[in-house]
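Before any comments, here is the structure.
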2 protein chains.
Amino acid sequence: MDSSSLRARQKERRRARIYGVAIELFKQGGFQATTATDIAKASNVSRGTFFNYYPYKEAVLLDYGSEVMDRLREMAEMKLASGQAPLGVLYDVWDQLADENTRERDLFPPLAYEVMNPNPERARTAYQALPLSKVVELVLRPMHQNGQLRTDLSLQRISNLIADTYLMVALRWSAYGTERPLKEEMRLALNLLLEGAVKR
Amino acid sequence: MDSSSLRARQKERRRARIYGVAIELFKQGGFQATTATDIAKASNVSRGTFFNYYPYKEAVLLDYGSEVMDRLREMAEMKLASGQAPLGVLYDVWDQLADENTRERDLFPPLAYEVMNPNPERARTAYQALPLSKVVELVLRPMHQNGQLRTDLSLQRISNLIADTYLMVALRWSAYGTERPLKEEMRLALNLLLEGAVKR
């Protein structure tokens, strides 16, 4: 192995260590209360090194959210390939996301805020790291192709609206709580988006 | 007039002056670039006095948003009273909101961020100052009473989802722009929420 790929592996191992330590600290002490200095100290690197890997604390969370999205996409692809109906797959993806979000309820609000960061570059970075609307699009594509979806809105736009609604529902739920579990809140909102509010 | 109501009137006049000056500065120089010091100076009060009236800069915007909501509610009430069909009234409210948002496109993102402020007390204050979901609820109530809406979701929940969707659509539009006018984006999202994505 040449020295440049060795360096790349060392770098990746260090990144993985910092990431693991940071997520552990966030879960134990809360995201807001954990500082970059805390993470650097606990992973035996300098603050400067931490910022080389993650230019801001929220960037660690983006790695976490990105992993969650990867898992959701793989699950969706597997279920679609095994012949499950797209709407069922979408509700399964939603349930899975609700479970993850409920289990790690302190990590999700800062992730959601990052997507809506007033700094457009940070918002775009977050949006690209968390391609939920792409997962929705993947699941709904067969229905779109079979003419089962409305056609005055593009598949991308429908998928964006569904993903955005998840964001708002989850944020409200995390911030205020409700009498219902998040899973139920999310199913109700998805029902509304798919079927509409007005009886026909 | 006794002295306490005189003081109250003076106080209200000063608040109105600070408000008018602040909104003017926001429109001219942008919300982010305008500081509390700028507003205090231009309205001939101390910084301390400014903060007595508005504990943070965004609180001025809440007054502005609150006025917009008042106008929307009055318009909705008038149209309903004159016998216009609720769905038509809702689309009219949406168009009016899109016009206002488009005209003052720099003021709306900080308002939206305030509703989602990580500080729960600030978020709650903003939410109460901007009762869009109450306006939606008011408009949809006759349809709810006539059994024209789905009943597995409460009227309040449906109204919240519609108001939340406005927030996300307007925020995306303000931050990134799209090829379409905001009015059209908002109508498309409203269509989806009212009628659903899936053909029946």
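A short reminder: the numbers here are calculations on the coordinates, not readings from a lab. Keep in mind that what you see is a predicted model, and the values were worked out from it rather than measured. Cβ sites come from the backbone with ideal geometry, for glycine too, and all protein chains shown count toward neighbours.
Could you work out the mean count of beta carbons from other protein chains within 10 Å of each residue's beta carbon in A:137-146?
1
At a Förster radius of 51 Å, what calculated FRET efficiency corresponds to the Cβ-Cβ distance of residue A:199 and residue A:3, to the nearest 0.05? Each step should come with its number before you reach the end.
Details: r = 69 Å, r/R0 = 1.35.
Computed FRET efficiency for residue A:199 and residue A:3 comes out at 0.15.
Label points for residue A:118 are taken 7 Å from Cα along Cα→Cβ. From this copy to the others they lie 1.4 nm apart, shortest first. Given the C-alpha centroids of segment B:142-171 and segment B:67-82, what is the distance between them in whole angstrom? After rounding, the separation between the Cα centres reads 17 Å. The residue list B:55, A:62, A:193 was ranked by how far each Cα lies along the charge dipole of the protein assembly as shown toward its positive end, using unit charges on Cβ atoms, and B:55 comes out on top. Spatially, segment B:109-131 and segment A:3-41 are offset by 33 Å when compared through their Cα centroids.
Sorted shortest first, the separations between the residue A:191 label point and its copies elsewhere in the assembly read 2.5 nm; each point sits 7 Å from Cα along the Cα-to-Cβ line. Pairs of Lys residues in chain A, spaced 8 or more positions apart or belonging to different chains, with C-alpha separations under 29 angstrom: 14 in total. Per-residue ellipticity at 222 nm from helix content only, as computed over chain A with -39500 (n - 2.57) for each DSSP H run of at least four residues, stands at -25000 deg cm²/dmol. In this assembly of identical copies, the label point of residue B:16 (Cα plus 7 Å along Cα-to-Cβ) is separated from its counterparts by 6.7 nm, sorted shortest first. Modelled this way, with points 7 Å down the Cα-to-C-beta line, the labels at residue B:74 and residue A:16 are 6.4 nm from one another.
Summing Lys, Arg as +1 and Asp, Glu as -1, what charge do residues with Cβ under 13 Å from the Cβ of residue A:9 carry, residue A:9 excluded?
Numbers: positive: A:7, A:11, A:13, A:14, A:15, A:17; negative: A:2, A:12.
Around residue A:9, the surrounding residues sum to +4.
If you take the square roots of the eigenvalues of the alpha-carbon gyration tensor of segment A:93-200 and sort them as a ≥ b ≥ c, do you get rounded (a/c under 1.5), prolate (a/b over b/c) or oblate?
Numbers: a/c = 2.01, a/b = 1.28, b/c = 1.57.
It is oblate, given that a/c is not under 1.5 and a/b is not larger than b/c.
A full extension of the chain between residue A:67 and residue A:154 corresponds to an added length of 28.6 nm, given 0.36 nm per residue minus the alpha carbon distance.
Inter-chain Cβ neighbour count for B:185-195, averaged per residue, equals 5 (cutoff 10 Å, partner chain atoms only). Build a GNM of chain B with springs between Cα atoms under 10 Å apart, and of B:166, B:113, B:64 the one that fluctuates most is B:113. Largest first, the three principal axis extents of the alpha carbons in segment A:51-147 are 45, 27, 21 Å in whole numbers.
Rounded, prolate or oblate: pick one for chain A, where a ≥ b ≥ c are the square roots of the eigenvalues of its C-alpha gyration tensor, a/c under 1.5 means rounded, and failing that, prolate if a/b is larger than b/c, else oblate. Judged from the Cα gyration tensor, chain A comes out prolate (a/c at least 1.5, a/b above b/c). Residue of chain A with the smallest Cβ distance to the axis mapping A onto B, distance rounded to whole Å: A:196, 1. Here each label is just a point 7 Å from Cα along the line to Cβ, and for residue A:176 and residue A:92 those points are 3.3 nm apart.
Taking a ≥ b ≥ c as the square roots of the eigenvalues of the alpha-carbon gyration tensor, the protein assembly as shown is classed oblate because a/c is 1.5 or more while a/b is no larger than b/c.
In the distance distribution for segment B:116-176, Cα-Cα pairs more than 15 Å apart total 58 percent.
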